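> A single structure is presented below for examination.
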Amino acid sequence: MPLVIGAGAGAGTGSAEAGSTGAVGAGAVGAGKAGAAVSEPCAMLDDVLTTSVSPVFIGRAQELAILEDALARATAGEPQVLLVGGEAGVGKTRLIDEFLASAVAAGAVAAVGGCVEIGADGLPFAPVSTVLRSLRRKLGTELDGAAAGQEGELARLLPELGETSRASHDGDGRARLFELTVRLLERLAAERTLVVAIEDLHWADRSTRELLGYLFRSLLSARLLVVATYRSDDIHRRHPLRPFLAEVDRMREVRRIELSRFTRGEVHAQLTGINGAEPERDLVDRIFKRSDGNAFFVEEIARSLNEGCATGLSESLRDLLLVRVEALPEEAQGVVRILAEGGSSVEYELLRAVARLGEDELIDALRAAVGANILRPTADDSGYRFRHSLVREAVRDDLLPGERSRLNRRFAEVLEAEPALVRADERAARLASYWYHAHDPAKALPAVLQASVEARRRYAHAEQLRLLERAMELWEDAPKEIRRAQRPMDYAEVYPARGCEDQALRHLDLLAEVVVAAHMSGQRERALAVSKRALRTLDRGGDDPLRAAWFWTQQGKLMEGLARGDGWEELSRAQELVRGLPPSPVHAEVMAQVAGWTMTHRPGAEGLAAAERAVELARMVGAESTELNARLTLGYFTGDSGDIERGLAEMREVCERALALGDISVLGRCYVNLASALEGSAGRPRRWRPPRRAPGSWTASAWWTPGPGFTGTWPSRCSPWAAGTRRRRRP
């Protein structure tokens, strides 16, 4: 059964901003039914007609020309990036819909992803995952073929590709994920023009912004056009998108479009389209004055007048929007309020369970809300969203604090009971958000910790840090039995709590996770502050030398990275703490760090001995990643002492083993240091065979591309094998 969401042709997805066509699919022009049928459950809302949206696309000729020029350049093989800014309601989505419709008609493949809010939280990589999922639906096996050999990494963004591969514990894995994503898009755009639209960039999480920044910088040659929209009126001085925009503005591939408000003549044309007849001059003047040319406001005022409101606008647009919601039947109002708190969009079955309505009652409520142009189906027809985010914000802001807590609890309880109601890659983050905003620490703490683990697996380190900070906030409020039931997350590198399944997670363990997440996300000042806090706690808490040594090691790396010192004082403290203790991963790591430090600061016999001891300890306790790093340092010292062939052979063996293990952090350092060693020993020509690549793997250069905010686990180091290369450092 056909469904009319508005009154005109459109393309793409997302909240239909002011002046948007209103129809989900392309085809119809003018008021009436959309020509394309939609799937259940949305198809149950048959013959819903709304008339507040102009079927005629108004103005924006210059902006459309810029977009069409970018499309032509992309079609010629020159990748393009366009950022479209404007205040809320000015018509960004309508412009993108109109452009996407013409691009698809010209033979391009378009995919749209929106930055998602869950309550007050963003969802890591949400728009990128949505784009890849859309492309997989449209291109089928072609995307699978383009991802062949790298499914384990790309599954972090698109779980449908299979199980994720072994995670890297430093920035190299994240950089590789970014690189593979760029190359996947380039492959898909090799034979066709691909248009990727990202909506609501002002809601983007930090990981999404960093991936997009990497994409913008890294595109080389592909028929690819990326268009992203954002609310310019939301970008205050401290908004996280502000530095991102400043950075990408310096890229020659990036152009920005700022949408202005409508002129009086354009408002006149918009009202003519809405009403199907020429409006009176006084009416145009009145609406233009009250709306100030904002296209969405024009629609709302016109609708209010058409429904008999004498003033056309109450004291605020927010009040007017709420009046429209309050005019709905009671059950429809309840559904709208539930949807407002549930997130940017809510799946139909989840909405049904939370609303506790029968199917007929829910369909009647949704029909009323869609008919009032308040809600619309999602792009994949699996659920519902607000037609415009301003409406959602008005409804959500009107909820009472207790009402919001109650709704979040209902969402959390339903999702906990029926996890399959949402996509697996969204489940943990959404459950954590719902329980947190339900103000239930006993439920929120475990959910937040699990969500932090999921964020780390996707290399969304900034979001992991935010969740861990939230766990620290909840820690004291959670009941003791809940805290005792939590277990170490087995991630903080060689932190002593790793693998202790019968040992409860302690606050100190949580601080260790925060240090690593902050370091990995480039927030070194925060990592340093938490590390110092942990050491103060250890000073007060008695004898725990292994954990103290671990934190001193982290602090040494941070001090050097922040140029607060060379890190030796901290490493010396760590070395002294582990002296005489039984072998442990911490002991091996400390010695490996000492060896690495001496390699870059004062090479000599002391460093060689430290590297040998680190290898010995790492082998005794089975810490293979630490062993490989220490062997790489040992290979340098061996070559520097004069046995160049043996040193190179050691480094090659490490590279082979790191490649076999998929240990990206070690492999990145391998290639950099081995290349430096070969350059430094270039007094006589020597032949070198690079490590064999695993079947289906990409070129070595793609494995070592530092991503945005890259922070390595190891201090920078390259080997001073010749005077001309002494003190060369890893980037």
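> Looking at the stretch 129-210, what helices (runs of 4 or more DSSP H) fall wholly within it and have at least 2 residues that are among the small types (Gly, Ala, Ser)?
In the stretch 129-210, the matching helices (runs of 4 or more DSSP H) lie at 141-146, 171-188.
> For ARG337, state whether it is crowded, with 20+ Cβ neighbours inside 10 Å and at pLDDT 85 or above.
No; evaluated as a whole, the condition is false for this residue.
> For the stretch 576-609, give me the residue count where each residue is within 18 Å of MET620 (Cα to Cα) and surrounded by fewer than 24 Cβ atoms within 10 Å (Cβ to Cβ).
Residues that pass the stated criteria total 8.
> Something else now. Within the stretch 269-294, how many residues turn out to be more than 20 Å from ARG318 (Cβ to Cβ) and under 41 Å from the mean Cα position of the chain (by Cα)?
6
> Listed residues ASP69, ASP46; which is out of contact with any Gly (no Cβ under 9 Å at 6 or more places or on another chain) and either among the hydroxyl-bearing types (Ser, Thr, Tyr) or at pLDDT below 50 (or both)?
Step by step, each of ASP69, ASP46 is checked, and only ASP46 is out of contact with any Gly (no Cβ under 9 Å at 6 or more places or on another chain) and either among the hydroxyl-bearing types (Ser, Thr, Tyr) or at pLDDT below 50 (or both).
> Yes or no: ALA394 over 22 Å from the mean Cα position of the chain (by Cα) and either in contact (Cβ under 8 Å) with a residue 60 or more places away in the chain or in the same structural domain as GLU87 (by TED's automatic domain parsing) (or both)?
Here the answer is yes, as ALA394 does meet what is asked.
> If you take the residues in the stretch 349-382 that are more than 28 Å from GLU299 (Cβ to Cβ), in contact with a strand residue (DSSP E or B) (Cβ under 9 Å, 6 or more places away or on another chain) and not β-branched (Val, Ile, Thr), which one is surrounded by the most Cβ atoms within 10 Å (Cβ to Cβ)?
It comes out as LEU350.
> Residues in the stretch 340-348: is at least one polar (S, T, N, Q), touching an Asp or Glu at 6+ places or on another chain (Cβ under 6 Å), under 23 Å from ARG410 (Cβ atoms) and crowded, with 20+ Cβ neighbours inside 10 Å?
Yes, the stretch 340-348 contains at least one residue that is polar (S, T, N, Q), touching an Asp or Glu at 6+ places or on another chain (Cβ under 6 Å), under 23 Å from ARG410 (Cβ atoms) and crowded, with 20+ Cβ neighbours inside 10 Å.
> Condition check: outside any strand (DSSP E or B) and either closer than 29 Å to GLY89 by Cβ or touching a Gly at 6+ places or on another chain (Cβ under 9 Å) (or both). Does ALA365 satisfy that?
Yes: the conditions hold for ALA365.
> In the stretch 628-657, which residue that is small (Gly, Ala, Ser) and in contact with a Gly (Cβ under 9 Å, 6 or more places away or on another chain) is surrounded by the most Cβ atoms within 10 Å (Cβ to Cβ)?
So, considering only residues that are small (Gly, Ala, Ser) and in contact with a Gly (Cβ under 9 Å, 6 or more places away or on another chain), the one surrounded by the most Cβ atoms within 10 Å (Cβ to Cβ) is ALA630.
> Pairs please, first residue from the stretch 218-238 and in contact (Cβ under 8 Å) with a residue 60 or more places away in the chain and basic (Lys, Arg), second anywhere and part of a strand (DSSP E or B) and surrounded by 21 or more Cβ atoms within 10 Å (Cβ to Cβ), Cβ atoms under 7 Å, 6+ apart in sequence or on different chains.
So the pair list comes out as ARG223/LEU194.
> Let me spell it out: the conditions are (1) surrounded by fewer than 18 Cβ atoms within 10 Å (Cβ to Cβ); (2) touching a strand residue (DSSP E or B) at 6+ places or on another chain (Cβ under 8 Å), and SER405 meets all of them except one. Which number is the exception?
Every condition holds for SER405 apart from (2).
> With respect to the numbered conditions (1) farther than 24 Å from HIS519 by Cα; (2) in a helix (DSSP H, G or I), which one is the sole condition not fulfilled by GLU570?
Going through (1) farther than 24 Å from HIS519 by Cα; (2) in a helix (DSSP H, G or I) one by one, GLU570 breaks only (1).
The values are calculated or read from the model by the stated rules, or taken from the named source; none is laboratory data. Since we're looking at a predicted model, the values are computed, not measured. Note that each Cβ is placed from the backbone with ideal geometry, even for glycine, and that neighbours are counted across all protein chains shown.
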